[in-house]
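The next block holds one structure in the form of structure tokens; read it before the comments.
The values are calculated or read from the model by the stated rules, or taken from the named source; none is laboratory data. For clarity, every value in this text was computed on a predicted model and none was experimentally measured. Heads up, the Cβs are rebuilt from the backbone with ideal geometry, glycines too, and the neighbour counts pull from every protein chain shown.
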Amino acid sequence: MAILSTFAATQTRSRALVYYRDLVLVLLAKEFKVRYKNTFMGYAWSVLHPLVLALIFSLFFSVFVRLQVPDYTLYLMAGLFPWQWVSNTCFGANGYFLSNASLIKKVRFQRWMLVLSGVLNEAIHFVCSLPVVIGFMLYYGKTPEWNWLWAVPLLLGIQVVMMTGVGLFIGTCNLFFRDLERLVSLLVQLLFYLTPIVYTADMIPPGYTWLLYANPFAALIVCWQDLFYAGALSPAFVATAAAWSAVWALMGGCVYACKVWRFAEIV
Amino acid sequence: MYNDVAIRLRGVSKCYHLGSPVGEGIKHLILHLPSQIKSLRQRRPFHALTDVSFDVRRGECVSLIGRNGAGKSTTLSLIAGVLRPSEGKVETYGRICPLLELGAGFNHQLTGRENILLNGVLLGLTRREVRQRTAQIIEFSELHDFIDAPLRTYSSGMVVRLGFSVAVHLDPDILLIDEVLAVGDARFRTKCFERMEHFRRRGTTMIFVSHDTGSVSRISDRVALFDSGRLVDIGEPGRIIDAYQQRSLAA
């Protein structure tokens, strides 16, 4: 009787919520500590990568190619920081399940929490890099608008859901096709150039604008650029980004739900 | 009626499909498409476990013995809820705590203390519940001087000690032990067995997988003998261990 009642107690909803919160927090803390334990430059590294890219691109495109985009470095940063989150998730997703093989084989827990904590980890890095973006905005004489108060959480929410979907999809598929990693890196590279990051959305000739909507990540990046660079969001792109986010969540969720029971057999 | 049953297996079978074509990767799949499809059709199921039924009563300690590949670990994974049976039904009542293999679930970059929290939560406790037990866990593991050092500096025996200490302090209703104790030194093993005796007295259900017939006969109420994925016999330890040894000699 005692055992049954304690079991029932562990199953109550409020405890379950606390438990899931704790599971995410503990996994997050693990990712964080592992990432920073041996590199005291931890935070600097995550900011440095997009910064260096921004410098290279601005040298190349505004000095050599003479692309006419005002405040081009700021524009680059507005796209590169959120893109870094996208590409880190796509690459990281290959290992979300694979690198926890021993755990998956032995312990029963919600495996998708591994993906969620990985994505939240990237989200925290992204948020921590916002001061750098704001610094550049101030340098170019721009200031964050009041609309940030609702727009930043909204876009963060859209991106967390989208990245979780992407992570579940890639993470699950990678267990079954171990060379998916190569394909993913190719696709991420391809999508980078199909997304208006080094060029602007209005440079795209009319016949190709559909690419902005067909590219699963383009609308989201354009939204961030609208916020950091132009100052106002375009409802059409927010809606497109939200729709892609729903598509990824559904795809990732379905693939995961279909295959989660085979994880322990196959990792 | 379920009150005195902790684990119930009814007609449980588990079969794997060997030679799954996708394991080799996309490139392999595409380059060898015709032969891959053929092998997909012809692939044979491998029966890791066939029609296994038994009950474990609450507070009972049942050991699983048998040769390598007999199905002991598969049974344990099914009870842990990590695998799903192909056929049949596995029912468990209570919180299950698997005693992790050497290093599983631990992160070698993190300190012993951080790993206690990580593992405790992964095994089903909230952070608060783990923190309440941390002092006892460290005490039992005897790793005071090393608890704030990263796990990669630990010896394998120390990792096992930490793992066992975490598992036994989580107050599981059902404890699953998959022959990990062999790594610790004699003194720690003795301590582990004392702890297992303590669990028995407290009414914790235990499933113990081991090749060491000495410790099996010492700790178990009943022993289940597996061979080629079938449950051959289950019953009183002395009798089953004799049967196992006879089989080993005959083979």
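Considering the conditions (1) touching a residue at least 12 places away in the same chain (Cβ under 8 Å); (2) surrounded by fewer than 19 Cβ atoms within 10 Å (Cβ to Cβ), A:L80 is excluded by exactly one of them, (2).
Counting the residues of the stretch A:217-261 that are within 30 Å of B:T74 (Cβ to Cβ), surrounded by fewer than 19 Cβ atoms within 10 Å (Cβ to Cβ) and touching a residue at least 24 places away in the same chain (Cβ under 8 Å) gives 4. Scanning the stretch B:66-80 for residues that are in a helix (DSSP H, G or I) and either of a type in the set (K, R) or in contact with an Asp or Glu (Cβ under 6 Å, 6 or more places away or on another chain) (or both) yields B:K72, B:L76.
Out of B:S228, B:S210, B:S248, which single residue is within 17 Å of the chain's Cα centre (by Cα), within 20 Å of B:G66 (Cβ to Cβ) and small (G, A, S)? Spell out how you get there, then give the answer.
Values: B:S228 fails: within 17 Å of the chain's Cα centre (by Cα); B:S248 fails: within 17 Å of the chain's Cα centre (by Cα).
The unique qualifying residue is B:S210.
Might you let me know whether the stretch A:3-11 holds any residue that is more than 10 Å from chain B (Cβ to nearest Cβ), at pLDDT 85 or above, assigned to a helix (DSSP H, G or I) and exposed (fewer than 14 other Cβ atoms within 10 Å of the Cβ)? No, the conditions are met nowhere in the stretch A:3-11. Inspect the stretch A:107-124 for any residue being at pLDDT 90 or above, loosely packed, with under 15 Cβ neighbours inside 10 Å and assigned to a helix (DSSP H, G or I) and give the result as yes or no. There is at least one residue in the stretch A:107-124 that is at pLDDT 90 or above, loosely packed, with under 15 Cβ neighbours inside 10 Å and assigned to a helix (DSSP H, G or I). Looking at A:T143, A:T172, just one residue is polar (S, T, N, Q) and not in a helix (DSSP H, G or I), and that residue is A:T143.
Screening B:S39 against (1) within 14 Å of another protein chain (Cβ to nearest Cβ); (2) modelled with pLDDT under 70; (3) in contact with a helix residue (DSSP H, G or I) (Cβ under 9 Å, 6 or more places away or on another chain) leaves a single unmet condition, (1). For the stretch B:173-181, the criterion of being part of a helix (DSSP H, G or I), under 13 Å from B:R113 (Cα atoms), of a type outside the set (D, E, K, R) and free of Cβ contacts under 8 Å to residues at least 60 places away in the same chain is met by no residue.
Within the span defined as the stretch A:61-77, one or more residues are in contact (Cβ under 8 Å) with a residue 40 or more places away in the chain and either within 14 Å of chain B (Cβ to nearest Cβ) or of a type in the set (D, E) (or both).
Set side by side, the residues A:F97, A:F32, A:F64, A:F60 differ, and just one is aromatic (F, W, Y), out of contact with any strand residue (DSSP E or B) (no Cβ under 6 Å at 6 or more places or on another chain) and under 19 Å from A:A123 (Cβ atoms), which is A:F32. Screening the stretch B:127-167 for residues that are within 14 Å of B:D185 (Cα to Cα) and polar (S, T, N, Q) and picking the one that is surrounded by the most Cβ atoms within 10 Å (Cβ to Cβ) gives B:S141. Flag not set for A:D22, criterion: away from every other protein chain (no Cβ under 14 Å), charged (D, E, K, R) and out of contact with any strand residue (DSSP E or B) (no Cβ under 9 Å at 6 or more places or on another chain). Within this structure, A:R35 fails the test of being among the basic types (K, R), closer than 26 Å to A:D226 by Cα and either modelled with pLDDT under 85 or surrounded by 16 or more Cβ atoms within 10 Å (Cβ to Cβ) (or both).
Just one of the listed residues (B:T111, B:T134, B:T153) is within 11 Å of chain A (Cβ to nearest Cβ) and not charged (D, E, K, R), namely B:T111.
Looking at this structure, is B:S155 farther than 30 Å from A:K259 by Cβ and out of contact with any helix residue (DSSP H, G or I) (no Cβ under 9 Å at 6 or more places or on another chain)?
Working: farther than 30 Å from A:K259 by Cβ: yes; out of contact with any helix residue (DSSP H, G or I) (no Cβ under 9 Å at 6 or more places or on another chain): yes.
Yes; evaluated as a whole, the condition is true for this residue.
The one condition from (1) crowded, with 17+ Cβ neighbours inside 10 Å; (2) in contact with a Gly (Cβ under 9 Å, 6 or more places away or on another chain); (3) under 15 Å from B:G71 (Cβ atoms) that B:T205 does not meet is (3).
Return the total of residues in the stretch B:81-116 being in a helix (DSSP H, G or I) and surrounded by fewer than 23 Cβ atoms within 10 Å (Cβ to Cβ). Talk me through it step by step, then tell me what you get.
Applying the first criterion (in a helix (DSSP H, G or I)) to the stretch B:81-116 yields B:112-116.
Remaining after also requiring surrounded by fewer than 23 Cβ atoms within 10 Å (Cβ to Cβ): B:113-114.
So the answer is 2.
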